[in-house]
1. Among what's in segment 36-53 and is more than 12 Å from Asp167 (Cα to Cα) and not in a loop (DSSP other than H, G, I, E, B), pick the residue that is nearest to the chain's Cα centre (by Cα).
2. If I ask for residues that are closer than 20 Å to Ala36 by Cβ and assigned to a loop (DSSP other than H, G, I, E, B), which ones from segment 218-264 would you list?
3. Among the residues of segment 10-24, is any more than 27 Å from Met201 (Cα to Cα), β-branched (Val, Ile, Thr), outside the structural domain of Pro161 (by TED's automatic domain parsing) and touching a strand residue (DSSP E or B) at 6+ places or on another chain (Cβ under 8 Å)?
4. Buried (at least 17 other Cβ atoms within 10 Å of the Cβ), without any contact (Cβ under 8 Å) to a residue 24 or more places away in the chain and β-branched (Val, Ile, Thr), is that true of Ile212?
5. Output the residue which, of all residues in segment 24-35 that are over 13 Å from the mean Cα position of the chain (by Cα) and surrounded by fewer than 20 Cβ atoms within 10 Å (Cβ to Cβ), is farthest from Lys209 (Cα to Cα).
6. Name the residue that is nearest to Val4 (Cα to Cα), counting only residues in segment 208-217 that are in a loop (DSSP other than H, G, I, E, B) and either at pLDDT below 90 or touching a strand residue (DSSP E or B) at 6+ places or on another chain (Cβ under 6 Å) (or both).
7. Kindly indicate the residue of segment 39-80 that is among the hydroxyl-bearing types (Ser, Thr, Tyr) and in contact with a strand residue (DSSP E or B) (Cβ under 8 Å, 6 or more places away or on another chain) and also farthest from Pro243 (Cα to Cα) among those meeting that condition.
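The values are calculated or read from the model by the stated rules, or taken from the named source; none is laboratory data. Please read these numbers as outputs of a predicted model, since none were measured by experiment. When we count neighbours, we look across all protein chains shown, and the Cβ atoms used for this are built from the backbone with ideal geometry, even at glycine.
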Amino acid sequence: MIKVEGLSHIYNCGLPDERYALKDVNFEIRDKEFTAIIGHTGSGKSTLIQHLNGLIKPHEGKIFINGIDITQKGVDIRQIRQKVGLVFQYPEHQLFEETVCKDIAFGPKNLGLEDEEIKKRVLHACELVNIEEKLLEKSPFEISGGQKRRVAIAGVLSMQPEILILDEPTAGLDPKGRDKLLSVLEKLKDELTVVLVSHSMEDVARVAKNIIVMNKGTVYKQGSVAEIFADCRGLEKIGLNIPQITQLINRLNEFGAGLPQDIYTVGYAAQILKDRMGNRKNV
């Protein structure tokens, strides 16, 4: 679905202060995988994802979307952007229509689709992001921050992309709004390929299957969530933390608790501890 080969991008190319934002980046994301991209501020995450739908062109390397090299001349970037939906940080700032329905329908309407198809897409997008139908005729400026964020994502989903890329989607949300949005992202796992950029290790642990770790414009490491969070010292060395529950489990193991090393969600930790307590009662 997504394949990146030798991708490099230079800021201020040809000037005395030129520097690599990305250098020789290589990775592959398969169809309907949920992959998180993590890294410290300035590691190249946002620059990388803007390459994936052609907003930025690389200085070197290739990017394949469904087998099509989008860096080649003559490629219809408009078609690529319909396949690859990109949701920027704080996307609700881009809401502008009179009603929630019109905002979500804006993209499909610009494609020249029939009214019935537009309505079908709007309702399906609302279902995916848990937006109640009664909100459709409300102004997008009258709903909560979490609802606005989900409306903005629904606007991208109404274009029916095959790949959805989200840049810090939970930033600035209260705990309730954050939890609802993460529930939406969990549901999208079976619908399309999702790429999530996040600073929150807890969010990543909850929804992602695989992780790409960026450091100074290069891929530091990639693998499953368990494999990446097992490298506590390596992540700390490049300025990242592991989920708090994993830190707690590691600390308990230092005192001989003997707990599994791949615990990175609260739910899994609770189940393991519950099982341990149950076994002790049976002894």
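1. Applying the filter and picking the extreme gives Gly39.
2. Ala230, Asp231, Ile238, Gly239, Leu240, Asn241, Ile242, Pro243, Gln261, Asp262, Ile263, Tyr264
3. Taking segment 10-24 as the starting set, the residues that turn out to be more than 27 Å from Met201 (Cα to Cα) are 10-19.
Checking which are β-branched (Val, Ile, Thr) leaves us with 10.
Checking the rest, the ones that are also outside the structural domain of Pro161 (by TED's automatic domain parsing) come to 10.
Okay, now just the ones that are also touching a strand residue (DSSP E or B) at 6+ places or on another chain (Cβ under 8 Å), so 10.
Yes: one or more hits.
4. On the way: buried (at least 17 other Cβ atoms within 10 Å of the Cβ): yes; without any contact (Cβ under 8 Å) to a residue 24 or more places away in the chain: no; β-branched (Val, Ile, Thr): yes.
No, not satisfied.
5. Pass one, segment 24-35, residues over 13 Å from the mean Cα position of the chain (by Cα): 24-28, 30-31.
Next, only the ones that are surrounded by fewer than 20 Cβ atoms within 10 Å (Cβ to Cβ) stay: 24, 26-28, 30-31.
Values: Asp24: 24, Asn26: 18, Phe27: 15, Glu28: 14, Arg30: 11, Asp31: 12 Å.
Taking the candidates together, the pick is Asp24.
6. Of segment 208-217, the ones in a loop (DSSP other than H, G, I, E, B) are 208-209, 216-217.
When the remaining residues are screened for being either at pLDDT below 90 or touching a strand residue (DSSP E or B) at 6+ places or on another chain (Cβ under 6 Å) (or both), the result is 208-209, 217.
Numbers: Ala208: 19, Lys209: 19, Gly217: 14 Å.
Step by step, filter segment 208-217, then rank; the result is Gly217.
7. Here is the first cut: in segment 39-80, the residues among the hydroxyl-bearing types (Ser, Thr, Tyr) are 41, 43, 46-47, 71.
Keeping just the survivors that are in contact with a strand residue (DSSP E or B) (Cβ under 8 Å, 6 or more places away or on another chain) gives 43, 46-47, 71.
On the way: Ser43: 19, Ser46: 22, Thr47: 25, Thr71: 36 Å.
My answer is Thr71.
Conditions (1) in contact with a His (Cβ under 7 Å, 6 or more places away or on another chain); (2) at pLDDT 90 or above; (3) part of a helix (DSSP H, G or I), marked per residue:
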position: Leu55; (1), (2), (3): no, yes, no
position: Ile63; (1), (2), (3): yes, yes, no
position: Val75; (1), (2), (3): no, yes, no
position: Arg78; (1), (2), (3): no, no, yes
position: Leu86; (1), (2), (3): no, yes, no
position: Gln89; (1), (2), (3): no, no, no
position: Gly107; (1), (2), (3): no, yes, yes
